[in-house]
């Protein structure tokens with residue numbers, strides 16, 4: 001009997017210890033259109049939590065010490081703070097004013113503070129200040145935020161961590177202010193003093209955002225003719241800066257992964273072998289490897305020579321137009337919207353291209369992503385937009401196939417219906433008319 005009691009005690013102790021190394025999280029999503037799961041990202045793991053029909057789900061996260069992480073639903077990402085043994089309820093609420101987050105449970109007070117509006121960060125107007133005034137304002141933000149934090153009576157462990165998070169929240173724009181300015185040595189020294197390499201800081205979005213910006217800033221200063229450098233040249237320059245200057249293995253891996261993933265996400269895989277080689281050599285973190293490999297696989301589906309995903313959209317007159325209609329011709333596709341200012345700025349250049357390549361085997365197709373179809377039609381008529389004007393009608397299969405995350409976006413399809421360039425240069429880029437001119441000349445010489 002005594003042996004049984006001892007065994008029971010040991011079992012309960014083991015259960016208690018296990019409980020103290022984890023956090024139970026309950027998630028509720030109040031949204032009529034629950035289109036995806038809720039993502040949790042921690043230092044050593046990440047997971048996508050799928051909601052049930054009622055918009056609820058639960059998960060036990062392995063947390064052996066207090067730490068920050070992120071939670072994401074749809075387009076919004078928020079910071080969270082988890083403590084072993086303390087449960088947390090996360091509520092995402094789609095309101096008329098937008099997507100909001102609330103917290104309940106043992107860890108609610110700290111998480112509501114982190115995501116509340118009691119602390120301050122620099123605003124656009126601060127960029128107009130002189131350097132000494134700007135730094136004085138930065139110091140004032142830091143002091144005010146610390147005063148608010150100290151008034152809450154949180155435990156010392158959280159206070160120290162949160163002071164650091166708030167510091168990077170405020171100082172995250174130092175590198176942005178320095179761009180296109182001749183800042184003093186003292187200012188540059190202040191920036192460099194914040195480039196601390198401590199592994200736990202990678203939990204903080206504010207720290208990683210600052211480090212990415214600061215590293216890109218200092219790497220750019222060392223790159224000759226930066227304004228005319230390609231995205232690939234800039235990326236390789238930044239990666240080499242990281243390898244030469246960052247000593248912490250964890251921070252180095254994070255930065256290499258971040259810049260490599262960003263490159264693949266924006267430029268695709270057609271010219272990514274050098275970036276991929278650096279990533280494979282330097283990054284051993286399994287979560288980062290999985291993210292990179294998944295993105296690379298997606299990019300391979302829109303690599304040069306791959307069969308292009310088709311579309312069937314209605315034009316301005318209600319006639320159905322498909323990609324198959326252009327077989328035997330190059331198709332320069334412009335993805336845009338009436339509300340997108342950069343898209344509208346490209347239109348005069350697009351018109352010039354259309355005129356320049358009349359009578360060749362190059363067609364120009366504009367695809368609008370406007371939700372307001374009537375506004376699109378009115379804009380096309382009012383501004384006498386030529387070319388082939390199509391509207392998605394809410395069908396985003398083509399956009400998703402090409403991983404369109406921002407507009408304007410330009411795609412070039414070859415006469416065989418295969419991808420020539422999934423991230424084609426803009427109409428205003430001199431490289432565009434040069435490349436299309438080469439294709440048109442090759443076509444003329446084929447007769």
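Please treat every number below as a calculation from the coordinates, not as lab data. Everything quoted here is computed from the prediction, not taken from an experiment. Because the Cβ atoms are built from the backbone with ideal geometry, glycine has one as well, and the counts that use them run over all protein chains shown.
Structural remarks
- Between residue 198 and residue 157, full extension at 0.36 nm per residue minus the direct alpha carbon distance yields a gain of 13.1 nm.
- 10 Å binning of all Cα-Cα separations within the chain, expressed as whole percents from 0 upward: 4, 16, 22, 25, 19, 9, 3, 1, 0, 0
- Rotationally averaged projected area of the range 312-444 (alpha carbon convex hull; nm²): 7.5 nm²
- Computed log₁₀ I(q)/I(0) - Debye formula, equal Cα scatterers, no solvent, the range 124-300, q 0.15 Å⁻¹: -0.95
- Per-q log10 I(q)/I(0), the range 79-138, q = 0.24 Å⁻¹ (Debye; single scatterer per alpha-carbon; no solvent): -0.94
- Taking the DSSP bridge list for the chain and keeping only pairs wholly inside it, about 70 percent are antiparallel.
- Value in Å of the Kirkwood radius, where the range 293-382 supplies the Cα pairs that are averaged: 15.2 Å
- Distance from the range 69-85 to the range 243-283 (C-alpha centre basis), Å: 25 Å
- Order by protection proxy (mean Cβ within 10 Å, highest first), peptides 406-413, 374-381: 406-413, 374-381
- Relative contact order of the chain, pairs being alpha-carbon contacts under 8 Å that are 6 or more residues apart, as %: 9 percent
- Helical runs assigned H by DSSP (4 residues or longer) give the chain a calculated mean residue ellipticity at 222 nm of -14000 deg cm²/dmol, each run adding -39500 (n - 2.57) before division by the residue total.
- Relative packing of 126-139, 102-115, which averages over residues the other C-beta atoms within 10 Å, highest first: 102-115, 126-139
- Bridge type composition, the range 312-444 - antiparallel percent by DSSP, nearest 5: 50 percent
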